[in-house]
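Student: Please see the structure below; I have some questions.
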Amino acid sequence: MPKLNETHDPQRRSWHAAANDAGTDFPIQNLPFGVFRRRGSDEVPRGGVAIGDAILDLASVHRAKLFEGKAAEAVAAASDTTLNRLMGLGAAHWSALRLAVSRLLAAGGADEAERRRLGQPCLVWMQDAELLLGAAVGDYTDFYASIFHATNVGKQLRPDNPLLPNYKWIPIGYHGRGSSLVVSGTKIRRPSGQLKLPDQDAPMVAPCRMLDYELEMGFFVGPGNGLGTTLTLDEAADRIFGFCLLNDWSARDIQAWEYAPLGPFLAKSLGTTLSPWIVTAEALAPFRAPSATRPAGDPQPLPYLTSARDAAEGGLDVILEAYLRTAQMQAENAAPHRLSRGNAQTVYWTVAQMLTHHASNGCNLNPGDLLGTGTISGPDKESWGSLIELTFRGRERIELPTGETRGFIEDGDEILFRARCERPGHVAIGFGECRGIVTPTA
Ligand code: MN
């Protein structure tokens, strides 16, 4: 884990005043990376850093030669149309760039007016920007790391034996699709597929009737590992660039028919939504937590999945929320209805364990590869991160303030995720939004 340094100083303020507003997701202590261009323009996309209600255009910073050394090398890489090259540079470069950006944007000191004169022309209003995916994701893998989610879903399939015997030994995952990853705001079309109804002998092809969301965190691999090589747990922790919110849209009825024996396939690749801002591992340093406590009687992880450091700080204290806005609520301009509120700290496997396990057979991971945690559900119903859990597979419908009810997602519904880190003695940081509206089957 990156050490705490001046970029985490809770006293630090920015000369860009909106970054100092209580409640902003993007104070100067956050500085998440994304890719953007001005909305409606034919500009070349480039990297940026969110600061309050604005974006620091890293290509402008690069052109103006505002940084030196590793920070200059990193800002040159971040001027690309994706952040893959920045991710590949590694933690020393990421940290140098974060420090240089923090110093450029910081209020106070004798040279504040000069830094402001240099930095101000590099700011773009976020409301004028189109946000894009931060990386060209070559490979995407989704895990199943919440034991509460795995148990809740397992109970619906196997009431007497919800967890399969490998669960507490292996971080379970499946290979997802990079091609259908989309940025927040992209519409998601309801898939059509093979469904087999319980009272029918044969499947039919029809629009999905059990469309669901999964509240997850995604994390991007920085320098990876070569084919045939592996990563220790502590190496893996240092190679994670940063985190975003991830909605693993899931067609439960398609999934139920197709998943045996090889796991999810078309139920998942219909689209996966990512929040545009990538909160760096360094920004999250004040919000690390011990890895989740294993109940007495659970096996300890095998040696390659164990380290003192990971046990002490492998967890993430991130509050995660899912909201629903139906078409009617959107038309009435009603506030989104909160479906759940949980915390990533409850996840059974740490992100470093997921990455180490992924590389443990010599599978190469590359800069910009994306890993998902799997649905993050906690022990209490309030914190369950999918509708299949909250509604017991649609049997107990959720009542909304409009009088509408939902078992699964209906056409026109918007699903919205938010996340924040809050701890005494630190400035709270947020992830921005991860949203998507479902449109009817073509
Ligand atoms: Mn998932």
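The values are calculated or read from the model by the stated rules, or taken from the named source; none is laboratory data. None of the values given here were measured: they were computed from a predicted structure. Here Cβ is always computed from backbone atoms with ideal geometry, including for glycine, and neighbour counts include all displayed protein chains.
Student: Can you tell me which residue among ASP139, ASP111, ASP80 is of a type in the set (Asp, Glu) and within 16 Å of the ligand (Cβ to nearest atom)?
Tutor: ASP139
Student: Conditions: (1) outside any strand (DSSP E or B); (2) within 17 Å of ILE388 (Cβ to Cβ). GLU216 meets all but one. Number of the miss?
Tutor: Every listed condition holds for GLU216 apart from (1).
Student: When residues of the stretch 359-377 are filtered for being within 16 Å of the ligand (Cβ to nearest atom) and in contact with a helix residue (DSSP H, G or I) (Cβ under 8 Å, 6 or more places away or on another chain), how many remain?
Tutor: 6
Student: Can you tell me which residue within the stretch 80-100, out of those that are surrounded by 18 or more Cβ atoms within 10 Å (Cβ to Cβ) and assigned to a loop (DSSP other than H, G, I, E, B), is farthest from the chain's Cα centre (by Cα)?
Tutor: Checked the stretch 80-100; the qualifying residue farthest from the chain's Cα centre (by Cα) is ASP80.
Residues are listed down the side, and each one gets a yes or a no for (1) aliphatic (A, V, I, L, M); (2) surrounded by fewer than 18 Cβ atoms within 10 Å (Cβ to Cβ):
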site	(1), (2)
ALA78	yes, no
SER102	no, no
GLU112	no, yes
LEU123	yes, no
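Student: Looking only at residues that are within 12 Å of the ligand (Cβ to nearest atom) and assigned to a loop (DSSP other than H, G, I, E, B) in the stretch 267-276, which one is surrounded by the fewest Cβ atoms within 10 Å (Cβ to Cβ)?
Tutor: Looking at the filtered set, the residue picked out is SER269.
Student: Is it the case that ILE240 is within 16 Å of the ligand (Cβ to nearest atom), over 20 Å from GLU414 (Cβ atoms) and out of contact with any Ser or Thr (no Cβ under 6 Å at 6 or more places or on another chain)?
Tutor: no
Student: Considering every residue within the stretch 258-266, establish whether at least one is in the same structural domain as THR232 (by TED's automatic domain parsing), on the phi > 0 side of the Ramachandran plot and over 24 Å from the mean Cα position of the chain (by Cα).
Tutor: No, the stretch 258-266 contains no residue that is in the same structural domain as THR232 (by TED's automatic domain parsing), on the phi > 0 side of the Ramachandran plot and over 24 Å from the mean Cα position of the chain (by Cα).
Student: Just the residues that are within 18 Å of ARG189 (Cα to Cα) and either touching a Phe, Trp or Tyr at 6+ places or on another chain (Cβ under 7 Å) or not in a loop (DSSP other than H, G, I, E, B) (or both), please, taken from the stretch 255-266.
Tutor: The answer is GLN255, and nothing else.
Student: Kindly provide the set of residues from the stretch 238-255 that are over 19 Å from TYR323 (Cβ atoms) and either buried (at least 24 other Cβ atoms within 10 Å of the Cβ) or in contact with a strand residue (DSSP E or B) (Cβ under 8 Å, 6 or more places away or on another chain) (or both), ordered by number.
Tutor: Those that are over 19 Å from TYR323 (Cβ atoms) and either buried (at least 24 other Cβ atoms within 10 Å of the Cβ) or in contact with a strand residue (DSSP E or B) (Cβ under 8 Å, 6 or more places away or on another chain) (or both): ARG239, ILE240, PHE241, GLY242, PHE243, ALA251, ARG252, ASP253, ILE254.
Student: Name the one entry in ILE415, ILE437 that is in contact with a Phe, Trp or Tyr (Cβ under 6 Å, 6 or more places away or on another chain), surrounded by 18 or more Cβ atoms within 10 Å (Cβ to Cβ) and of a type in the set (Val, Ile, Thr).
Tutor: When all the criteria are applied, what remains is ILE415.
Student: Taking only the stretch 397-442 into account, find how many residues are of a type outside the set (Gly, Ala, Ser) and closer than 14 Å to VAL279 by Cβ.
Tutor: Matching residues across the stretch 397-442 total 11.
Student: For the stretch 4-49, which residues satisfy the criterion of being assigned to a loop (DSSP other than H, G, I, E, B), under 22 Å from CYS244 (Cα atoms) and touching a Ser or Thr at 6+ places or on another chain (Cβ under 9 Å)?
Tutor: Correct list: PRO27, ILE28, GLN29, ASN30, LEU31, PRO32, PRO45.
Student: Could I ask something else about it? Can you pull out the residues in the stretch 283-323 that are of a type in the set (Asp, Glu) and surrounded by 22 or more Cβ atoms within 10 Å (Cβ to Cβ)?
Tutor: Within the stretch 283-323, just ASP310 meets the criteria.
Student: Scan the stretch 142-189 for residues that are assigned to a helix (DSSP H, G or I), within 15 Å of the ligand (Cβ to nearest atom) and not β-branched (Val, Ile, Thr) and jot them down.
Tutor: PHE148, HIS149, ALA150, ASN152, GLY154
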